[in-house]
Structure formats: structure tokens, C-alpha cells
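Before any comments, here is the structure.
The values are calculated or read from the model by the stated rules, or taken from the named source; none is laboratory data. Please read these numbers as outputs of a predicted model, since none were measured by experiment. Every residue, glycine among them, receives a Cβ derived from its backbone with ideal geometry; neighbour counts consider all protein chains shown.
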């Protein structure tokens, strides 16, 4: 694996590092590698951030304000505004006035947004199939509860 001249990857940290640092370093490396690979197969110039917003809206089964989305993704509101604007320009989301407070606008996924999310999922299929040639379904099923538990713990401790 790797390019010619590169050394073989070593562990996630330095000898003597605390276990927590090793785990968080490994997660960070995996996130970077997965994100880059993930984005390389998404259709129509869709970014990981855009796919993430579409996926989040569907997963939560609710409309969200830009502030709520920014909080969920732990990005600044102007960053989320830009992502939402790009999705809106593509017709993948729409901004709706809140029924209780007309000053509040909620981001809602459109039919085209649902289709784009599905197209992204379909584009990821070969990537997931390749992953399955290196790790069995049993291995992936075994690590999923631990990853979920870690996500919940980290989510409960997110800053402000």
C-alpha cells in the first residue's frame, strides 16, 4: 500500500502515548482518508458537506434552521449558510418560513435533494463493496456498536 518511496504506516501515535490519544489520532486519520475518498466518488461536484446536510435532514426527518445545522455539524453559521445556499442553488433544499415565527427560515430537503442523496449513496456502493473485500460484514457489524458508543460520548461533550 502507499506510493513508491513511502514507508509503511506505523501506529496512530508515538510509543508511550496515552491510549486515548492513539484512539483519537486513528479516528482523525480515518476521517481524513474516508472523507477524501468519499468526496472523490460523489456525483455532480457534490461535496461531503453538502451530502452530509442532505443525509442529516433525511436522518432527522425534520426541517432545521441554519443555526441548528451549524450546531449539528460544529461549523460556524456563515459556513453552513454557504453550504445551504449551494444546495438551494442546485434545487436540493428550500428555505421555508417557520409557521410560528415568520422571521425563522427552515431548511427542507426537496424531492431533487432526496434523489441527489440517493445518487450519492449509489455512487458510494462500489467503495463500500471494495471495503467488504478487506473487512467482512461480521467485522464491520462487530465494530459498529463501539463506534456508535464513542460517537454518542463525544457528541455529549461537544463544546458550546
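What do you reckon, is residue 131 at pLDDT below 90 and surrounded by 10 or more Cβ atoms within 10 Å (Cβ to Cβ)? Give the steps one after another, and end with the answer.
Details: at pLDDT below 90: yes; surrounded by 10 or more Cβ atoms within 10 Å (Cβ to Cβ): yes.
Considered against the rule, which asks whether it is at pLDDT below 90 and surrounded by 10 or more Cβ atoms within 10 Å (Cβ to Cβ), residue 131 comes out as yes.
(1) more than 13 Å from the chain's Cα centre (by Cα); (2) under 28 Å from residue 151 (Cα atoms); (3) touching a residue at least 24 places away in the same chain (Cβ under 8 Å); (4) not in a strand (DSSP E or B): which one isn't true of residue 44, the others all being true?
Unmet condition: (2).
Among the numbered conditions (1) surrounded by 14 or more Cβ atoms within 10 Å (Cβ to Cβ); (2) touching a strand residue (DSSP E or B) at 6+ places or on another chain (Cβ under 6 Å), tell me where residue 96 comes up short.
(1)
It is to be established whether one or more residues within segment 108-116 are assigned to a strand (DSSP E or B) and at pLDDT 90 or above. Write out each step before concluding.
First, the residues of segment 108-116 that are assigned to a strand (DSSP E or B): 108-109.
So of that shortlist, the ones also at pLDDT 90 or above come out as 108-109.
Yes, because at least one residue in segment 108-116 is assigned to a strand (DSSP E or B) and at pLDDT 90 or above.
Give me a count of the residues in segment 1-41 that are modelled with pLDDT of 90 or more, under 25 Å from the mean Cα position of the chain (by Cα) and not in a helix (DSSP H, G or I).
The number of residues fulfilling the criteria is 0.
Out of segment 51-70, which residues are out of contact with any strand residue (DSSP E or B) (no Cβ under 9 Å at 6 or more places or on another chain) and farther than 15 Å from residue 95 by Cβ? Give the steps one after another, and end with the answer.
Pass one, segment 51-70, residues out of contact with any strand residue (DSSP E or B) (no Cβ under 9 Å at 6 or more places or on another chain): 51-52, 55, 59-61, 67, 70.
Correct list: 51, 52, 55, 59, 60, 61.
State the number of residues belonging to segment 47-79 that are in a loop (DSSP other than H, G, I, E, B), free of Cβ contacts under 8 Å to residues at least 24 places away in the same chain and closer than 25 Å to residue 122 by Cβ.
Number satisfying all stated conditions: 2.
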